[in-house]
Amino acid sequence: MDADEILFKKRLAELANKAYTDSRYLFTGFLSLAEQNVYYQMERELSYVPVTAFGGTADCERVMLRFGDKALCGYEESFPIACVEIAPLVEKFGEELTHRDYLGALMNLGIERATFGDIVIVGKHAFLFCTEKMSSYIMEALDKVRHTSVRCQIAEEAPESTVTRLERRTFQVNAARADSVIAKLYNLSRSESVELFRAKKVFVNSRLNENNSGQLKPGDKVSVRGFGRFVFVGVSGETRKGKLNVEADLYC
């Protein structure tokens, strides 16, 4: 366990304790999958206080944690999350920008990664989930992404999902093992797939998965750092030679 992880665990414990003793809601910033995994390691230890995770929509990868609920606090409080729409100043001159382009422009503003979460790209527009406190600064300071001049405003309607398109893939494996499915989906060798687990780059349902031989279950959401995300749909049949026909929805 490194020093950063120790400090983060201490911070989570402090938030949980303060929310419980003061009977008020407290929030983390937007957490990476690795940080979410640290929380799940402490979930039983912190079970004395209700915790909810949310990032702007139900399927956001980066989420905030809210410590407290109505029963504990005596009132309701929503997550302090705003959705900022980033659009070309002149639509016809807007580039087809990537997630990396938007992320780079935001990081160049000098803001901390914990202050904003997922970025959803819809055509030439992007929708950014960020803290309410940071939204004003982003709308004022962000005026260019790559070579495109942009304008920012609070979105009139936030996207219901971070998924703009899912692509159904059907393929054959000997078993519905996590390493076999990942190897097939991303055209990797078995050893390359196993190495991803050793490098702690595979997360299943926001939890670090180091068990490459573990079986995936229908509905499992899998994130592979450097490659992308997919939902394991399940086994649809078996060939005469005993191989499994499996399906997965790839985030595009």
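Over the chain, what is the relative contact order in percent, taking alpha-carbon pairs closer than 8 angstrom and at least six residues apart? Intermediate results must be reported in sequence, preceding the final value.
On the way: 457 pairs, mean separation 40.7, N = 252.
Taking the mean separation of contacting Cα pairs over the length of the chain, I get 16 percent.
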ask   = Within a Cβ distance under 14 Å of PRO80, other residues only, what is the Lys/Arg minus Asp/Glu net charge?
value = 0
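With viscosity set to 0.692 mPa s and temperature to 37 °C, compute the Stokes-Einstein D of the stretch 166-251, Rh being the Kirkwood radius across alpha carbon pairs; µm²/s, no decimals. Present the calculation step by step, with values, prior to reporting the outcome.
Values: Rh = 12.6 Å.
Reported coefficient: 260 µm²/s.
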remark   = In whole angstrom, largest first, the equivalent ellipsoid semi-axes that the Cα gyration tensor gives for the stretch 3-73 are 18, 16, 10
remark   = Footprinting proxy, LYS92, LYS9: sorted fewest to most Cβ within 10 Å, the residues are LYS92, LYS9
task = Pick out which of THR148, THR52, THR239 has the largest mean-square fluctuation in a Gaussian network model of the chain, springs linking Cα atoms closer than 10 Å.
result = THR239
remark   = Given 10 °C, 1.306 mPa s and a Kirkwood radius over Cα pairs, the Stokes-Einstein diffusion coefficient of the chain in µm²/s is 79 µm²/s
remark   = Expected max-MSF residue from ARG229, ARG66, ARG168 in the GNM of the chain (alpha carbon, under 10 Å) is ARG168
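Once you have a ≥ b ≥ c as the square roots of the Cα gyration tensor eigenvalues for the stretch 44-193, tell me rounded if a/c is under 1.5, and otherwise prolate or oblate according to whether a/b is larger than b/c.
Verdict is oblate for the stretch 44-193.
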key: MET42 versus ALA3: modelled label distance in nm, points set 7 Å from Cα along the beta carbon direction   = 1.9 nm
query = Separation of the stretch 7-58 and the stretch 172-217 by C-alpha centroid, Å?
reply = 28 Å
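The numbers here are math on the coordinates, done by the rules we state, and not lab data. Everything numeric here is computed off the predicted structure, so don't read it as measured data. Virtual Cβ from ideal backbone geometry, glycine too; neighbours counted across all protein chains shown.
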